[in-house]
Amino acid sequence: MKVHHRAAAGLAVLALAVAACGGGGESGSKQPNAEQSQQAQQQMTQTPAISINPVPYEQVKDGGTLTLAIGQWPTQWNPNHVDGNQADTATMLDPILPQLMMADENAQFTPNADYLSDVKNETVDGKQTVTYTINDKATWSDGTPMTWKDLEAAWKANNGENKKYKPASTDGWDKIESVKKGDSDKVAIITFSKPYSEWQGLFNRGTAHLIPGEHITTPDKFDNDYNQKIPATAGPFKVEKIDEGTKTLTLVRDDKWWGQKPKLDKIIFRTIADSSAEVNAFANGEIDAAYIEAGNPANLQRAKEVPNSEIRKALSPNWRHITVNNSSEFLKDKSVRQAVQYAINRDVITQSDLKDMEWPIQTLGNHVYMNNHKGYVDNSGDLGKYNLEKSKQLLDAAGWKQEGEYRKKDGKEFALNFVIPASVATAKTEGELTQAMLKEAGIKVTIRPVPDDKFFTDFIIKGDFDLVPFSWIGTPLPLGSLPQIYKTGSESNFPKASDPAVDAAIQAAVDETDPAKAVELANAADKLIWDMVHTIPLYQRPDIWAVKKTLANWGARGYAYYDYTAVGFTG
C-alpha cells in the first residue's frame, strides 16, 4: 500500500502489493500456535530499528540523480489538508519543505538547525511555553523570510475553531492558546492552554510540514493555493517540474539553500501504482529503490536477485487494518459491528499477507502502540479472537435472521461493500478472505474496486464504504493518532464513529504529562476503541526496501526522518 494518511501520529496508505492468496472458509483452523508466536517475537527482536546504510557526509559522492517510486499521485500538496495527508505526499515534500524538529531511530527529537537556531520548552506563568527561534537565513523560495507568522497561520488553520478549514488533524493545535511574536519576527512564542507532551511533532511530517503562512490564511487559500501546484518551498531541493501527464515530480538542488549542500543533483519521484511493476522498474535499473509490499513474496525474491542490490528492513510505527464505517446503514449498531469483527479471522488475513515475507507473522492487538513499542499491550480481548458462533448470536439478537444464503431484517438483505484500490492485489485478497468469512456468518460482501487516485479523496474521506483496508503510517509520537483517528468530529475519523466515553478517555491520555501514566491512559482508551469497532487492526506493517547497495543514508528508516542533504551514492 502506498497511499498514506497522516495522523498527528500517522499517514494513511493503500497497499500496493500483488498478493498471495488463501481461502476464507477454513478460517477457524489457522490460529497461530504457541511456537509460532514465540518465533514471531524472536523475529521481532532481531529486526533492526533502522537500515539506511549510514555513510558520513564527506564520503558520499557529489552529484547524481535519485529516482524513486510513489504509489499514488496527489492533487492536494498542502500537507495540513485532509486531502493532502498521504504518506506519498509527505515523502515528496520532505526534501523541499521545513521540518522544525527531526526524529532519530529511537524516536528522539532534536531541533533542525537549518530552520531553528534555538528552541525552548518551559513553564511560564504556569503554562507550557515553547519558543522557536527561527534561523536568520531561513527564507521561502519566493524570497519571503520565514517568520513567526508562518507558525501562527499553521495554528489558526489547524486548531479546529474555523469549521471551514479541513485539517487532517487538530491534535496539539487545539491546545495552543496563542502564537505571538517574540523579540523579532524570527521568534515565535507558543503558549499552550493545556500541557502537550508531543509538541515536538508540530511543524514536521508528524503533523504537517511548515508552509508559508500567506497560503493558508483563509479556508479558500488552504484548499486551493497548493492544489495541483507547489507555489513556495524552503529546503535543500526545489521543484523543477510537476508533470501531471506522467505523474512525476522532479526536484533539483536549490542554489538559494543556506544549509549543508545536498549531495544529489536531482530527485525524481515517479508514480508506479502496481508493486510488481515497481520491482520490475528496480530490476531494470529505472529506479534506485523499491518498496516490498506485504502479500507478494515473489516480489521479495525477485528483488533479492537483482545484482548490486540489498534488502533493507526495519521496525516502524506503521500498521495494516480494516476500517469499519460506523455510520453506514448496516453498521450503526455496535453489536452488529462486533458481530462482523468476531466473524473476521485476523490471523488468517495476517498469515496470508505476511507469508514468506521474512517478517514476523504476528497480529496487532493495539490501535496506538506497535508490537515492539514499550507501551504495547494486547487489548484486543475476546473481540480480537475469531468466534463465528458469537457472531451469529449477536446478529440473531439484533434481528438479522438467516434466510437462505444471507441474513435479512425487515425484508432487507445484510449486504456490505468492501472498497479497495483497483490495482492493489493485496487489498483484493483481503477482501476475498473477508467475503468468505462473513458469508459463513450470513453477511453478503461485495468487493468494490475503485481508482487508486480516488480511493481516499472520493471514498474513504467521504465515507463511501462499509469496510475498507489500508494502512496508517505512524510517527515517533503515537498519542497524536488517538484524537486524529478516533475522536468525534475529526476529519480523519473516517468511519464517523462517536462515543463520549472514547472521547473522554482519549482526552485524558493526550492531556497527561507523565509518560508512564499517559501510556496507561492510552491503553485504557484503546480498550474502548476495540469495543466500539472503529478499526480492526491486522498487523504491524513491514518496512522492507530493495535498494541499490551504493545508495547511502536512505532505506528502511523506522522512526527516523531523512536528512536529504546527506542522501546520495558511494559509487
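We did not get these values from a lab; they are worked out from the coordinates using the rules stated. Since we're looking at a predicted model, the values are computed, not measured. Cβ: placed from backbone, ideal geometry, glycine included. Neighbour counts: every protein chain shown.
Listing for the model above:
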{"read-out": "At least 20 Å along the helix axis (C-alpha) and Kyte average at least 0.5, DSSP helices within the chain", "value": "none"}
{"read-out": "Two-site FRET efficiency, T248 against N308, from Cβ-Cβ distance with R₀ of 25 Å, rounded to 0.05", "value": "0.50"}
{"read-out": "Förster-model FRET efficiency, 35 Å R0, T488 and K229, C-beta, rounded to 0.05", "value": "0.55"}
{"read-out": "Cross-link partners of K412 among aspartates and glutamates (Cα-Cα below 15 Å; sequence separation of 8 or more within a chain)", "value": "E329, D396, E403"}
{"read-out": "Residues whose placed amide H lies under 5 Å from that of N417, excluding near-sequence neighbours", "value": "T446, D466, L467"}
{"read-out": "Contour minus Cα-Cα distance for K261 and I447 (0.36 nm per residue)", "value": "62.0 nm"}
{"read-out": "Shape category assigned to segment 101-221 from the gyration tensor of Cα positions, a/c cut at 1.5", "value": "rounded"}
{"read-out": "Nitroxide proxy distance, nm - points 7 Å out along Cα→Cβ at K137 and Q39", "value": "5.4 nm"}
{"read-out": "Order of R541, R407, R253 under a 10 Å beta carbon neighbour criterion, fewest first", "value": "R253, R407, R541"}
{"read-out": "Simple label model, 7 Å out from Cα along Cβ direction - S184 to Y57, nm", "value": "2.3 nm"}
{"read-out": "Residues with amide H under 5 Å from that of S117, placed H, sequence gap 5 or more", "value": "T133, I134, N135"}
{"read-out": "Two-site label geometry, K439 and T191: point separation in nm, points 7 Å out along Cα→Cβ", "value": "6.4 nm"}
{"read-out": "Centroid-to-centroid separation of segment 380-406 and segment 57-108 [C-alpha atoms, Å]", "value": "44 Å"}
{"read-out": "Computed [θ] at 222 nm, deg cm²/dmol, the chain (DSSP H ≥ 4; -39,500 (n - 2.57); rounded to nearest 500)", "value": "-7000 deg cm²/dmol"}
{"read-out": "Gain in span if fully extended, E122 to Q301, counting 0.36 nm per residue against the direct Cα distance", "value": "59.3 nm"}
{"read-out": "Whether segment 441-571 is rounded, prolate or oblate, judged on the alpha carbon gyration tensor where a/c under 1.5 counts as rounded", "value": "oblate"}
{"read-out": "Burial ranking of peptide ranges 154-165, 394-405 (average Cβ count within 10 Å, highest at the top)", "value": "154-165, 394-405"}
{"read-out": "Long pairs among K120/K181; K439/K527; K186/K229; K120/K186; K334/K454, criterion Cα-Cα beyond 18 Å", "value": "K439/K527; K186/K229; K334/K454"}
{"read-out": "Sequence-distant aspartates and glutamates (8 or more away, or on other chains) whose Cα lies within less than 14 Å of K180", "value": "D150, E152"}
{"read-out": "For N112, distant residues with modelled amide H under 5 Å away", "value": "M101, M102"}
{"read-out": "Charge dipole of the chain about the Cα centre (unit charges at C-beta), most positive-ward option of V55, T89, T271", "value": "T271"}
